[in-house]
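Q: Before I ask anything, here is the structure I am working with.
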Amino acid sequence: MNIVLLGPPGAGKGTQAERMSDRHGLPRVATGDIFRAALAEGTPLGLEAKRFMDTGKLVPDEIVEGIVTGRLGDADCRGGFILDGFPRNTHQAEALDRYLASRGGEIDVIISIAVEPEELVRRLTGRRVCGGCGANYHVSFNVPSREGACDACGGELYQRDDDNEGIVRSRLDVYKSSTEPLIEYYRPLGRLVSVDGSGSPDEVFTEISGAIDAATEREGR
Ligand code: ADP
Ligand code: AMP
């Protein structure tokens, strides 16, 4: 099952992708995480990506597309994957379609998660991320048992540089102009599922799981 998670920054894509990955045994491919890992290692890719991430702009298509097609070629993605944060514009969506077609595949389901902009700002400005395992927390909505430490691995929690309000608002503008049109790009396929992301993580997960189960049945897998 090849799944794309669409939605603005802060919609809960990472939170839901982790749960989906556990439930369906599919790898989560998150382009933002790939860039942050490259940056932490100080690679040229990471340093190049940082120039764009720092201002909330999209990393150029040819860089992201090369990274994603390379990653989807790995053995663990053969049985399916969950894309989180890619594609982010029509050029990337077309590149993904071409790549999948070249190996006889396609996207099976697109989950579009919607949340009101002011709620997105609250979620992103309060987000904390584990430096060890990447788990997500929130200062009010998803508080770790011990302040500043990850429940899963004990790692130290940090705030992403691009999660300050000014950059968050730029990222939401970029979403609106570049990424949101993908909803209409995918709609004609008949595989787009719109999910209300404003409920609790459990509620959103229940809705997404139902959609994936229906898609699995439809595909006869
Ligand atoms: P995305 O990957 O779409 O940018 P995240 O999954 O990182 O979004 O979630 C953004 C922030 O909102 C995180 O701090 C996360 O803990 C919190 N969050 C995620 N889902 C919900 C939800 N349903 N209700 C409240 N807060 C949430
Ligand atoms: P995310 O972790 O998904 O919020 O992404 C963080 C940042 O990484 C974005 O603001 C972009 O600068 C960059 N990025 C992640 N995915 C992509 C993508 N598919 N295309 C371009 N830039 C991306």
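Residue by residue, here is whether (1) among the hydrophobic types (A, V, I, L, M, F, W, C); (2) within 20 Å of Gln16 (Cβ to Cβ); (3) at pLDDT 95 or above holds:
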| position | (1), (2), (3) |
| --- | --- |
| Gly70 | no, no, yes |
| Phe81 | yes, yes, yes |
| Asp84 | no, yes, yes |
| Glu94 | no, no, yes |
| Ile107 | yes, yes, yes |
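Q: Here is a follow-up. Just checking, does the stretch 167-180 include any residue being in a strand (DSSP E or B) and of a type outside the set (Lys, Arg)? So that I can check it myself, show each step before the final result.
A: Step one: list which residues in the stretch 167-180 are in a strand (DSSP E or B), which gives none.
No: the stretch 167-180 contains no residue that is in a strand (DSSP E or B) and of a type outside the set (Lys, Arg).
Q: Name the one entry in Thr206, Thr216 that is among the β-branched types (Val, Ile, Thr), away from ligand 2 (no atom under 14 Å from the Cβ) and over 19 Å from the mean Cα position of the chain (by Cα).
A: Numbers: Thr206 fails: over 19 Å from the mean Cα position of the chain (by Cα).
Going through Thr206, Thr216 in turn, the sole match is Thr216.
Q: Scanning the stretch 81-96 for residues that are assigned to a strand (DSSP E or B) and under 9 Å from the mean Cα position of the chain (by Cα), which turns out nearest to ligand 1 (Cβ to nearest atom)?
A: Of all residues in the stretch 81-96, those assigned to a strand (DSSP E or B) come to 81-84.
Those still in the list that are under 9 Å from the mean Cα position of the chain (by Cα) too: 82-84.
Details: Ile82: 12, Leu83: 12, Asp84: 6 Å.
Ranking the candidates gives Asp84 first.
Q: Okay, moving on. Quick check: is even one residue across the stretch 109-116 within 16 Å of ligand 1 (Cβ to nearest atom), surrounded by fewer than 16 Cβ atoms within 10 Å (Cβ to Cβ) and not aliphatic (A, V, I, L, M)?
A: yes
Q: Sticking with this one: Please enumerate the residues belonging to the stretch 162-213 that are of a type in the set (S, T, N, Q) and more than 18 Å from Pro87 (Cβ to Cβ). Let's see the steps before the verdict.
A: Kept after step one, since they are of a type in the set (S, T, N, Q), are these residues of the stretch 162-213: 164, 170, 177-179, 194, 198, 200, 206, 209.
Across the stretch 162-213, the qualifying residues are Asn164, Ser170, Ser198, Ser200, Thr206, Ser209.
Q: Inside the stretch 5-24, can you point out the residues that are touching a residue at least 60 places away in the same chain (Cβ under 8 Å) and among the acidic types (Asp, Glu)? Before you say what the answer is, go through the steps one by one.
A: Kept after step one, since they are touching a residue at least 60 places away in the same chain (Cβ under 8 Å), are these residues of the stretch 5-24: 5-21, 23-24.
Within the stretch 5-24, just Glu18 meets the criteria.
Q: Within the stretch 113-136, does at least one residue satisfy the condition of being part of a loop (DSSP other than H, G, I, E, B) and more than 16 Å from ligand 2 (Cβ to nearest atom)?
A: The initial filter retains those residues of the stretch 113-136 that are part of a loop (DSSP other than H, G, I, E, B), namely 115-116, 126, 131-135.
If we keep only those that are more than 16 Å from ligand 2 (Cβ to nearest atom) as well, we get 116, 132.
So far as the stretch 113-136 goes, yes, one or more of its residues are part of a loop (DSSP other than H, G, I, E, B) and more than 16 Å from ligand 2 (Cβ to nearest atom).
Yes/no per residue for (1) at pLDDT below 95; (2) touching a helix residue (DSSP H, G or I) at 6+ places or on another chain (Cβ under 7 Å); (3) within 16 Å of ligand 1 (Cβ to nearest atom); (4) under 19 Å from Cys130 (Cβ atoms):
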| site | (1), (2), (3), (4) |
| --- | --- |
| Gln159 | no, no, yes, yes |
| Val168 | no, yes, yes, no |
| Tyr175 | no, no, yes, no |
| Tyr186 | no, no, no, no |
| Gly199 | no, no, yes, no |
| Thr206 | no, no, yes, no |
| Ser209 | no, yes, yes, no |
| Ala214 | yes, no, no, no |
| Glu217 | yes, no, no, no |
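The values are calculated or read from the model by the stated rules, or taken from the named source; none is laboratory data. The shown structure was predicted, so the numbers you read here are calculated from the model rather than taken from an experiment. Every residue, glycine as well, gets a Cβ built from its backbone with ideal geometry; the counts of neighbours run over all protein chains shown.
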